[in-house]
Amino acid sequence: MIAHGLILIGGGEHARVVADAAKSQPDAWELLGFVYPQPCPELTARFGVPQLANDDAALALAAQTQRRIE
């Protein structure tokens, strides 16, 4: 089974719940990062994923990941 790349939109409590769920199923999901306009060091540290600066950075990461999987 190939894990699907996941980029979260947001950095609040709901994002943490979704990240927890994704991390609990590593064969199904690869948490790539999250987009949030304000600093969110807790989410970055807790899940070891980068905070993406904006939507363009998320799209670039998604495109890069898609090429890697193919």
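The values are calculated or read from the model by the stated rules, or taken from the named source; none is laboratory data. Note that the coordinates shown come from a computational prediction; the quantities given were computed from them, not determined experimentally. Note that each Cβ is placed from the backbone with ideal geometry, even for glycine, and that neighbours are counted across all protein chains shown. Side chains included, ligands, DNA and RNA excluded: accessible areas come from the protein's heavy atoms. Shrake-Rupley method; radii C 1.70, N 1.55, O 1.52, S 1.80 Å.
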Computed about the Cα centre, the charge dipole of the chain from +1 Lys/Arg and -1 Asp/Glu charges at the Cβ has a magnitude in debye, to the nearest 20, of 120
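Quick one: length gained pulling H14 to A28 fully straight, 0.36 nm per residue minus the C-alpha distance?
Numbers: separation 14, 0.36 × 14 = 5.04 nm, distance 1.93 nm.
Result for the pair: 3.1 nm of gain on full extension.
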Extension length gain for A63 and R46 (0.36 nm per residue less Cα distance), in nm, is 3.6 nm
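As a test, work out the antiparallel percent of DSSP beta bridges whose residues both lie in the chain, rounded to the nearest 5.
Numbers: 0 of 8 bridges.
The answer is about 0 percent antiparallel.
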Under 20 Å by backbone N from the virtual spin label 7 Å along Cα-to-Cβ at A21, the residues of the stretch 28-66 are 28-36, 43-44, 46-49
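Roughly how large, in nm² to one decimal, is the mean projection of the convex hull of the alpha-carbon atoms in the chain? Before the final figure, lay out the partial values.
Details: hull surface 17.6 nm².
The Cα convex hull of the chain, projected and averaged over all directions, gives 4.4 nm².
For the chain, with every protein chain kept in place, what is the accessible area per residue (1.4 Å probe, Å²)? The partial results should precede the final answer.
Values: 4630 Å² over 70 residues.
Result: 66 Å² per residue.
Counting only C-alpha contacts under 8 Å and six or more residues apart, can you give the relative contact order of the chain as a whole percent?
Numbers: 86 pairs, mean separation 21.5, N = 70.
This gives 31 percent for the chain.
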